[in-house]
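**Student:** Just passing along the structure, written as C-alpha cells.
Read the figures in this text as sums done on the coordinates, not as results from a lab. Everything numeric here is computed off the predicted structure, so don't read it as measured data. Don't worry about glycine lacking a Cβ; one is built from the backbone with ideal geometry, like all the others, and counts go over all protein chains shown.
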Amino acid sequence: MGQAVVLKSPDEIRVLHAANQIVARTLKRLEEMARPGVTTADLDREAERYCRKQGAIPAFKGYRGYPASLCVSVNQEVVHGIPSRRRRLQSGDLVSIDFGVRFQGYYGDAAVTIAVGDLTDERARLQAVTREALERGIAQVMIGRRISDISRAIQEHVEAHGFSVVRQFVGHGIGRQLHEPPEIPNYVREGASPRLQPGMVLAIEPMVNAGTWEVKVLRDGWTVVTADGRPSAHFEHSVAVTEDGPLVLSRLADEEF
Ligand code: CO
C-alpha cells in the first residue's frame, strides 16, 4: 500500500501499554465525574491534571492547533468537540470522551461514549452497537488478517443494526506519533489493505451515526457534527498485534488485589 508502518519491539509495546493505561485510568475517572451540571471544561481540566500526576502530557492540546486536552462530543457531535465552561451536561446526553497522552516518548489514545442519566432507546442502542462494533473489530486482530477485516467486522455489525459508519474520519497506527500509518477505516474500501503483523499498534475507533454517515465541521474548525442532526457514538482502543492475538493496551487493567 506504500504505507510505511512502523513495527514496535516488545519493549516499546510495554511503554505504549503504560501510556494507554494512563489514558484508561483517566477515562474511568472522567466517566465517574460526568453527571448532570458538570461542564465539559471541568472534564478537560481534570483530564489534564490527572494525567500529569501520572507523569504524562496531554497529547491533543496544540496538535494542529487543537485548543484543549480532551475531545468531548455530545449527542449530534461526532468527534473533536471542544470543551467549554458554557456546556453543562444534562440527563439524557450521549457523550463521547476522547483522550490521548504522551508518556516516555510514546502515545496513548482511547475513547468511550457514556450516558449521562437515562438515555432514549435509540441513544442506548447506538451506544451499545458502537461498543460492540469496536469489540468485533478488535477480534479480527490476528496475524494473517488484513486491516480490511477489521473494517468489515465493524461496518457489518453497525449496518446490521440500521446505523451508519462515518467515512470522513478513520482509525490509525500509533507509537512515537499520535497518528501513524496505516489508516483504519470503519468501512471496507476498494483494493488491498495491509496485512497485520506482530508489532503493529492500531488505534481502532468506530464513529457511528444513528442516521446518515455524512458529517460537517462547525465554524470553530473542529467540532464534527452529523449532517442530519441525529446522534452519534464513538469508542476507541489502542491495540497491539501479537502472535497470541490482540493485546488491548487501553483496556483498564484490574488494579484491585
Ligand atoms: Co485516535
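**Student:** Report the dimensions of the range 25-116 along its three principal axes from the alpha-carbon atoms, largest first, rounded to Å.
**Tutor:** The Cα atoms of the range 25-116 stretch 38, 25, 20 Å along the principal axes, largest first.
**Student:** So what is the relative contact order of the range 10-248, in percent, for Cα pairs below 8 Å that sit 6 or more residues apart?
**Tutor:** Computed over the range 10-248, the figure is 21 percent.
**Student:** Once you charge only the Cβ atoms, +1 for Lys and Arg and -1 for Asp and Glu, what is the size of the charge dipole of the range 10-248 about its Cα centre, to the nearest 20 debye?
**Tutor:** The dipole of the range 10-248 has a size of about 720 debye.
**Student:** I would also like to ask the following. From the residues V6, H172, P83, which one has its Cα farthest along the dipole of the chain in the positive direction, the dipole being from +1 and -1 charges on Cβ of Lys/Arg and Asp/Glu about the Cα centre?
**Tutor:** Most positive-ward Cα: P83.
**Student:** Taking a virtual spin label 7 Å from the Cα of R86 along the C-beta vector, which residues in the range 24-64 bring their backbone nitrogen under 20 Å of it?
**Tutor:** 37-45
**Student:** Picking from A24, A115, A192, which is most flexible by a Gaussian network model of the chain using Cα springs under 10 Å?
**Tutor:** A192
**Student:** At 0.36 nm per residue, and after removing the present C-alpha to C-alpha distance, how many nm does the segment from V38 to A115 gain when stretched out fully?
**Tutor:** Length gained between V38 and A115: 26.4 nm.
**Student:** Taking all pairs of different Cα atoms in the range 114-257, averaging 1/r and flipping that mean, what Kirkwood radius in angstroms comes out?
**Tutor:** 15.9
**Student:** For a protection proxy built on the mean count of beta-carbon atoms within 10 angstrom, sort 105-113, 76-84, 243-251 highest first, please.
**Tutor:** Numbers: 105-113: 24.0, 76-84: 21.8, 243-251: 17.7.
Highest-to-lowest ranking by the protection proxy: 105-113, 76-84, 243-251.
**Student:** Can you give the local net charge around R87? Use residues other than it whose beta-carbon is closer than 11 angstrom to its beta-carbon, Lys and Arg +1, Asp and Glu -1. Don't skip to the end; give the middle numbers.
**Tutor:** Values: positive: R85, R86, R88; negative: D42, D44, E77, D93.
Surrounding charge for R87 is -1.
**Student:** Which value in deg cm²/dmol, rounded to the nearest 500, describes the helix-derived mean residue ellipticity at 222 nm for the chain, given -39,500 (n - 2.57) per DSSP H run of n ≥ 4 and division by the residue count?
**Tutor:** That calculation yields -9000 deg cm²/dmol at 222 nm.
**Student:** Quick one, could you list the DSSP H helices from the chain stretching 18 Å or more along their long axis (Cα atoms) with average Kyte-Doolittle hydropathy of -0.5 or above?
**Tutor:** Numbers: long enough: 10-33 (34 Å, -0.33); 40-53 (20 Å, -1.68); 121-138 (26 Å, -0.83); 147-160 (20 Å, -0.14).
Helices passing the filter in the chain: 10-33, 147-160.
**Student:** Sticking with this structure for a sec: Take the chain, drop everything but the C-alpha atoms, weight them equally and run the Debye formula without solvent; then report log10 I(q)/I(0) at 0.07, 0.10, 0.16 Å⁻¹ to two decimals.
**Tutor:** Once normalised to I(0) and log-transformed, intensities are -0.21, -0.44, -1.20.
**Student:** Continuing with the same structure: Cross-link partners among lysines for K28, C-alpha distance below 16 Å, same-chain residues fewer than 8 apart left out?
**Tutor:** Cross-link targets: K53.
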